[in-house]
Structures are given as structure tokens and as C-alpha cells.
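Engineer: Sharing a structure here in C-alpha cells format.
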Amino acid sequence: MTATGRDQSSVRTLLDSLKKAAPFTSGLVLSVVPRGALQIAQPTNVSDALLKSYAKGFQSEDRLSWQTILKRKPQRPNDAYSRDAYESTPYFQEFVQPQGLKYVVALPLAAPILDGYPGVVHVLRTPDQGDFSSSEVQALLAAVHQFDAKRQSAREAKPRGGAPAPLKLGLGGGDASTASFIVVDGKLKPIYNPQGLSSLDNHLREQMLDHAKRRMNQVSGHGVVADRVQFPDSHGDVLVFRLVTYRHFPAINDGPYTFFCRQPGCVDWGAVKPQDFQADPELSRLIPALKFMQQEFSRGPTLVEIAKQVHLSPFHFHRRFTELLGLTPKQFLLECQIHEAKSELVARTKELALIAKDCGFAHQSHFTSRFKQATGLTPTRWRRMVTDRRKAVRG
């Protein structure tokens, strides 16, 4: 991958590349993140008012973005809102109107930041520029598809290391990203990514839907329930999801809805750069902490030490980290330990006691206990399961 190729696949250059397909004045890039919400990612000059509105819940009312993602085709405001409803949204009042903009087209993105997590890009024009023609929308869509393809090629070109993700995701040798983000309605019908749900083995899928059913019966009023859940597949291996259940989600329709958000691995997070979240400086400054934790996990750095790397108080860092990743710093450190342990187990070059020591566990029994909690299997049984499934995949 050349430097030019990396630049072309970078989310921070997406808006500039789209301007070559059709002129526009302003743009906005958003991505679904593992906490089960949309996050504004680009550009740098998004107003604090819009960022705060999003953080306070506007993302669940952003029909333009969510309908574009769900339908996987370009949308204009009149496709998602009535005129009166659109002009009363924070999006119109805090982003469109203050910039003197009028015409908007939203285009779906396959996975702008995290593999398997979709997004959307909005392009906007002033009244003088006129509306986007059908041919311009098609040109923009073609440019988006080109970006998606380059983004995926860049991911596949990166050395990922460790145990292959498909072997731990109940996908029967499939692509891990296909099951990263799934949305089901109150009748447990998948309204986003039915292919991802069907790719999971039957035992895993039944558990997930049963849990969603119980959750949707429990959530009341306009509430939201979110937690981190481990589901074992038919081989006994564990898939970790963050489940977010909304009683009502106006951006889609009347609820309830449950979002299944596959927990990205530490390697997935390691590919995220501060520039990917330029719209939110407070959020982007957390990203270097991920690199630090990946480098230092074996010695067990404290929360104080980690927060110091990004010049935040431990409380503030913990809160913002959990909001972004959908898991705590402690859970992320454990993910780093487990990932490295899996790599060593597959390599078969070290005894269990040495793997435990090198990965930062107090002793071998502690390693075995935490590994089983994280994966559903002891280290030895997990390694045997991987070997058997690799043989099955090879036929």
C-alpha cells in the first residue's frame, strides 16, 4: 500500500475526494460506534452545539443518517422528514442554517472507521449552487464506493497477527465483520444486516434473539438499556456483544429495537487514528491511550497512569473511554492480554506458565481462570478447538 493509497482510504480525506466527483460547500461524516450510536467524525469545524445535541440523544432522532444506513442508498431530507419536522431538527438549526446551506444528500458508507460498522456522509450546497442532480448523486455514490473499496483493501493489507478472527466468532469460517452490527425490531426481525445474523451458527443466533426478546420486554417508557453480553457458540467459544435496546428510536420508527454491536478486538481499535474523529477533539485525544494500553498491558498499568498519557483525570478518561468503546479500560486491557495469549497458544512455542507470565497474569491458574471467563474455554481446550476448526475449514 503506497502512501497515496493510504491517504485515499483515510476517512479524514473523504470529503476532499468527494468534491472531485461533484462540487459542494460543506460535508459531514458519521460512523456507527460499538456503543450502539452514531458518532460525528468529520470535519474539524463542526459546532459544539451540534456535537452536544448528538451526545444528548439527537443521534436517535437523526432520520436522515439512519435511513441512509438502513436503506443503503442516497437520501435527501424530504425522503426522511416532512418540511416542518426537518427544519425543527438540531441538524438543520445548528449545522445547515448557520452556514447558509440548503441542499443536502446523504450517502451510505460501508465501514468508514471500524470494520463492520457502517456510516454515512452528508454533502451540502448553498441556494446559489442549486440542488444535486441525479447524475451528480450517482457520481458521488460511485466515489463513495471507490472509497469503501480502498478502505477495505487497506484493512486487509495490514498485518493483523494472532488467531484468525473467524475461528472465534461462530461464523463457520466466515468474515468476522459480517456480524459486527445488527439491528432487530420488536418482532426480532433483522432490519439491518440480516446476512450477518444468518451467518452466525444456530446456537449463537438463538441465544442472541432470546436475550433481545427478554430485554425488549423489560425496557419501559423512553428508556435505553445497554450492557456487555457474552454468547457461546456451538463449539463453546464466546462472542462478545454490546447490546443496546431502545424502547423508542424515532430515527427508525416506533420501537423497540435492539442493536447488537460486536466487540471489536484490540487490533481493530489499534487501527483507529486520532484524525478519524477530528470533529470531536475531546474524543480523538483518547485514541493514543489505546496504543499505550496495547504496548504496556503485560505490566498492568493503572488507570491513573493511562489517563495521564492523554492529560485527563482518571474519572473523565474512564467515562469518555467507556462511551466510545462500549467497554471499560480494565476490560480493554484484558482484551489485549487475551489476544496476545491466543497468538502464543496458536504459535505453540511456549508453555502455559510462560504465556501467563508474558501476558501479565499473576500465575498460570489466574491466566486459565480469566481466559475461560473471556472465551468460554480453558487455554488448552481453546487451542484444540482452533486446531479442529481450522482442519474443518480446510476440508
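Engineer: Kindly provide the set of residues from segment 207-260 that are closer than 20 Å to PRO34 by Cβ, buried (at least 18 other Cβ atoms within 10 Å of the Cβ) and of a type in the set (Lys, Arg), ordered by number.
Structural biologist: ARG215, ARG242
Engineer: Assuming PRO112 fulfils every condition listed in (1) exposed (fewer than 15 other Cβ atoms within 10 Å of the Cβ); (2) in contact with a helix residue (DSSP H, G or I) (Cβ under 6 Å, 6 or more places away or on another chain) apart from one, which condition is it?
Structural biologist: (1)
Engineer: If you scan segment 315-349, which residues turn out to be of a type in the set (D, E, K, R) and either surrounded by 14 or more Cβ atoms within 10 Å (Cβ to Cβ) or within 21 Å of GLN230 (Cβ to Cβ) (or both)?
Structural biologist: ARG320, GLU323, LYS330, GLU335, GLU340, LYS342, GLU344
Engineer: Kindly list, by first and then second residue, each pair from a residue in segment 102-114 that is among the charged types (D, E, K, R) to a residue that is assigned to a strand (DSSP E or B), limited to pairs with Cβ atoms under 9 Å and residues at least 6 apart or on different chains.
Structural biologist: Pairs that qualify, where the first residue is among the charged types (D, E, K, R) and the partner is assigned to a strand (DSSP E or B), are LYS102/LEU124; LYS102/ARG125.
Engineer: Further question: Within the bounds of segment 21-30, is there any residue that is at pLDDT 95 or above and more than 21 Å from ASP131 (Cα to Cα)?
Structural biologist: yes
Engineer: If you check every pair at least six apart or on different chains, which have Cβ atoms under 9 Å apart with a residue in segment 189-218 that is free of Cβ contacts under 8 Å to residues at least 12 places away in the same chain and part of a strand (DSSP E or B) first and a residue that is surrounded by 13 or more Cβ atoms within 10 Å (Cβ to Cβ) and of a type in the set (A, V, I, L, M) second?
Structural biologist: PRO190/ILE182; PRO190/VAL183; PRO190/VAL184; PRO190/LEU197
Engineer: Okay, moving on. One residue is enough: does segment 9-21 have a residue meeting the conditions surrounded by fewer than 21 Cβ atoms within 10 Å (Cβ to Cβ), without any contact (Cβ under 8 Å) to a residue 24 or more places away in the chain, under 19 Å from the mean Cα position of the chain (by Cα) and not assigned by TED's automatic domain parsing to the domain that holds ARG247?
Structural biologist: No.
Engineer: While we're looking at this one, here's another question. Please enumerate the residues belonging to segment 249-267 that are in contact with a His (Cβ under 6 Å, 6 or more places away or on another chain) and either modelled with pLDDT of 90 or more or in a helix (DSSP H, G or I) (or both).
Structural biologist: The answer is CYS266, and nothing else.
Engineer: Scan segment 268-294 for residues that are among the hydrophobic types (A, V, I, L, M, F, W, C), surrounded by 18 or more Cβ atoms within 10 Å (Cβ to Cβ) and in a helix (DSSP H, G or I) and jot them down.
Structural biologist: Those that are among the hydrophobic types (A, V, I, L, M, F, W, C), surrounded by 18 or more Cβ atoms within 10 Å (Cβ to Cβ) and in a helix (DSSP H, G or I): TRP269, PHE277, LEU283, ILE287, ALA289, LEU290, MET293.
The values are calculated or read from the model by the stated rules, or taken from the named source; none is laboratory data. Please read all numbers here as calculations on a predicted model, not as lab measurements. Please note: Cβ atoms are built from the backbone with ideal geometry, for glycine as well, and neighbour counts cover all protein chains shown.
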